[in-house]
Each structure stands twice: as structure tokens, then as C-alpha cells.
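Peer 1: One structure, pasted below without further comment.
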Amino acid sequence: MIVAVVAGLVIGALVGLLGGGGSILAVPALVYAAGQDLRQAVATSLLVVGITSLVAVLPRLRARQIAWRIAVLFGATGAATAFAGAAVNRLLPDELVLGLFAALMIGAGVRMLAEKPATGAACAVDGGRVNWRRCLPRTLAGGLVVGFLTGLLGVGGGFLIIPVLVVVLGLPMTTAIGTSLVIIAANSAAGFAAHAGEAPLDVPVTVAFTAAAVVTALAAGRLATRVDIARLRRWFAYLVFTVAAGILVQITAGLLG
């Protein structure tokens, strides 16, 4: 129970501050620290991250930091492919899924350490309108990829969504974070529905995890404008590398044991 609360505090803070990133720690925490099997951990992670993202979007909603049409298109496309990702997940051994998870974590950590990218301009035109001829194909492609990974690995995908929204679609960072939270909530709901029934949820752990994450996400969302996000992203990257290394050590030990 203590592990669930601590993990919830960390994940809620990351979601509130960065618009994502917490879900990549949820599955390893539930598997290796809380002792859940992979199927149960994936379902729990999706439920917790989905609810937390939905709550974390409230301060962004009041600040009008959400590109709703892009969020709906990205989220709807991702919701469809989340079911495909869940189907593939059922066909793969747990060791392979966790190995893929570790590889994705390393990629996300590298991305977090990268210099801040320049904002693209695929969607932006004069007057604040959207050029849908250029923006629509990129939005749909991004949704397909992130949705599939949501179903396959049980991650909300914020660490992938935000670079797509900023670099590929040209949204400002503040709008990208708010839009990402809406997309994560939609993808997580679809992923949870795809995994529902595979394993029973541990209700006390799930409630404690969710409550801690929600409270922290709300507080972090209010503090986001006063925190050094660049430094936070670096420390998060180092934490991700550490957890990924731990997963790879556990997998190797299991294969050799």
C-alpha cells in the first residue's frame, strides 16, 4: 500500500507538471514493487493514469490551453488502435513485453534529455487558424502509433504525444501539455477497456494509487508555471534510465535462473 501511495505521488506530479511521463513508471512500480503480475499492472496503470490525466486537465481547461479538434482526432484514432495493441500484448510473453517497455523507457529518457526542439508549423497559419490539409494526416498518424503503444504496454504516451504536438503539429508547449492530457485520458480509457477482465484489480492498491496521483496532479498543475521544467525533465530522464536498467537486470536474471 505504501508503495502505491509513493508511486501515485510521483506519477501525479509528473502528469500535472509535464502533461505526461508518469505512466511509464507505473507498470514497473506495480510489477516489481507492488508485486502485481503484468496483466494486472497494465490494467491498473491505465485506470490510474486515465483518471489522473482527466483531473490534471482542469487547470488547463480554465486557462484555455487545449486544442480540442486535434485532441479529439488524435484521441479517437488512438482509442481504435489501443484495442489492436492489447490484442498483440496477449500474444507476447511477459518478458518480451517488459523488454519492450524498458527499450521504450530508454528512448523516452533520451528524448527528455534532448535540447528543447523548435516549434514546428504544420498546423499553424495566419490568424491562429489550422491548416488541416497538412495537419490532419500527421494528427491521425500520431494517434495510430501512440494508441497502439497504449494498448500494448499500458502507457498513456504523454512522452510521445507532446513531441508530436510541438514538433510535428506546431502547437505551443502550454497548449501541447493541455491537449496531451485530454489525449492520454482518452487513450487510457480505451486501453483499460481493451484489458478489462484479463485480471482482477487490487481495489485497495488501485484506490490508494489513484487518490495520491490525483491530489498531486492538481497541486502540480497549479505550480507548473513556477517550476524549472527543464531541470525536472532531466531528473525524470535519469530516473527512467535507472528503472529501465532494473527491468533489464530482472529479465536477465529470470532467463538465466
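The values are calculated or read from the model by the stated rules, or taken from the named source; none is laboratory data. If you're wondering where the values come from, they're calculated on a predicted model, not measured in any experiment. Positions of Cβ are generated from backbone atoms using ideal geometry, with glycine treated the same way; all protein chains shown enter the neighbour counts. To get the accessible areas, we keep the full protein, side chains included, count just its heavy atoms, and leave off ligands, DNA and RNA. Shrake-Rupley method; radii C 1.70, N 1.55, O 1.52, S 1.80 Å.
Peer 1: By what distance, in whole Å, do the Cα atoms of the stretch 21-98 stretch along each of the three principal axes, largest value first?
Peer 2: Computed over the stretch 21-98, the largest-to-smallest principal extents equal 42, 27, 15 Å.
Peer 1: Using a 1.4 Å probe over the heavy atoms of the protein chains, calculate the carbon and sulfur portion of the accessible area of the chain as a whole percent.
Peer 2: On the way: 7810 of 11270 Å².
Carbon and sulfur: 69 percent of the exposed surface of the chain.
Peer 1: Keeping all protein chains in place and using 1.4 angstrom, which order do Met112, Met1 fall into by accessible surface area, from largest down?
Peer 2: Details: Met112 15, Met1 115 Å².
Solvent-accessible surface, decreasing: Met1, Met112.
Peer 1: Still on this model: If the only charges are +1 at each Lys and Arg Cβ and -1 at each Asp and Glu Cβ, what is the size of the charge dipole of the chain around the Cα centre, to the nearest 20 debye? Intermediate values should be presented prior to the final figure.
Peer 2: Values: 17 positive and 8 negative charges, 216 e Å.
So the magnitude is around 1040 debye.
Peer 1: Binning at 5 Å from 0, report for the stretch 143-257 what percent of all alpha-carbon pair distances ends up in each bin.
Peer 2: 2, 9, 12, 18, 22, 19, 10, 5, 2, 0
Peer 1: I'd like the accessible area for Val145, computed on protein heavy atoms only with a 1.4 Å probe and all protein chains in place. Round to 10 Å², please.
Peer 2: 90 Å²
Peer 1: If you don't mind, there's one more thing I want to ask. Report, in cubic angstrom per residue, the convex hull volume of the C-alpha atoms of the chain. Present the calculation step by step, with values, prior to reporting the outcome.
Peer 2: On the way: hull volume 28.3 nm³, N = 257.
Enclosed volume per residue, from the Cα hull, is 110 Å³.
Peer 1: Let me ask something else about it. With runs of 4+ DSSP H residues as the only contributors, calculate the mean residue ellipticity of the chain at 222 nm using -39,500 (n - 2.57) per run, divided by the residue total and rounded to the nearest 500.
Peer 2: Working: 10 runs with 192 residues, N = 257.
Calculated mean residue ellipticity at 222 nm is -25500 deg cm²/dmol.
Peer 1: By how many degrees, between 0 and 90 and to the nearest 10, does the Cα long axis of helix 229-256 differ from the longest principal axis of the chain?
Peer 2: Around 30 degrees separate the two axes.
Peer 1: What is the spin-label model distance, in nm, from Leu113 to Arg231 if the labels are put 7 Å beyond Cα along the C-beta direction?
Peer 2: 1.9 nm
Peer 1: A further question follows. Heavy atoms only, 1.4 Å probe, whole protein assembly: order Trp68, Trp235, Trp132 by accessible area, highest first. Kindly include the intermediate steps, with their values, before the conclusion.
Peer 2: Details: Trp68 130, Trp235 165, Trp132 70 Å².
Final ranking, largest accessible area leading: Trp235, Trp68, Trp132.
Peer 1: D for the stretch 65-111, whole µm²/s, Stokes-Einstein with Kirkwood Rh over alpha-carbon pairs at 4 °C and 1.567 mPa s: what number?
Peer 2: Working: Rh = 12.8 Å.
So the translational diffusion coefficient is about 101 µm²/s.
Peer 1: Given the peptides 179-185, 14-20, arrange them by the average over their residues of other C-beta atoms within 10 Å, most packed first. Write out the running numbers ahead of the final one.
Peer 2: On the way: 179-185: 30.1, 14-20: 28.3.
The packing order, highest mean first, is 179-185, 14-20.
Peer 1: Looking at the stretch 19-89, which trypsin sites (Lys or Arg not before Pro) are in a loop (DSSP not H, G, I, E or B) and have at most 16 other Cβ atoms within 10 Å?
Peer 2: Numbers: sites: Arg39, Arg60, Arg62, Arg64, Arg69; in loops: Arg64.
Here the sparse-neighbourhood loop sites are Arg64.
Peer 1: A follow-up question, please. What percent does the relative contact order of the chain come to when contacts are Cα pairs within less than 8 Å and at least six residues apart?
Peer 2: Values: 449 pairs, mean separation 103.2, N = 257.
Averaging sequence separation for qualifying contacts and normalising by length gives 40 percent for the chain.
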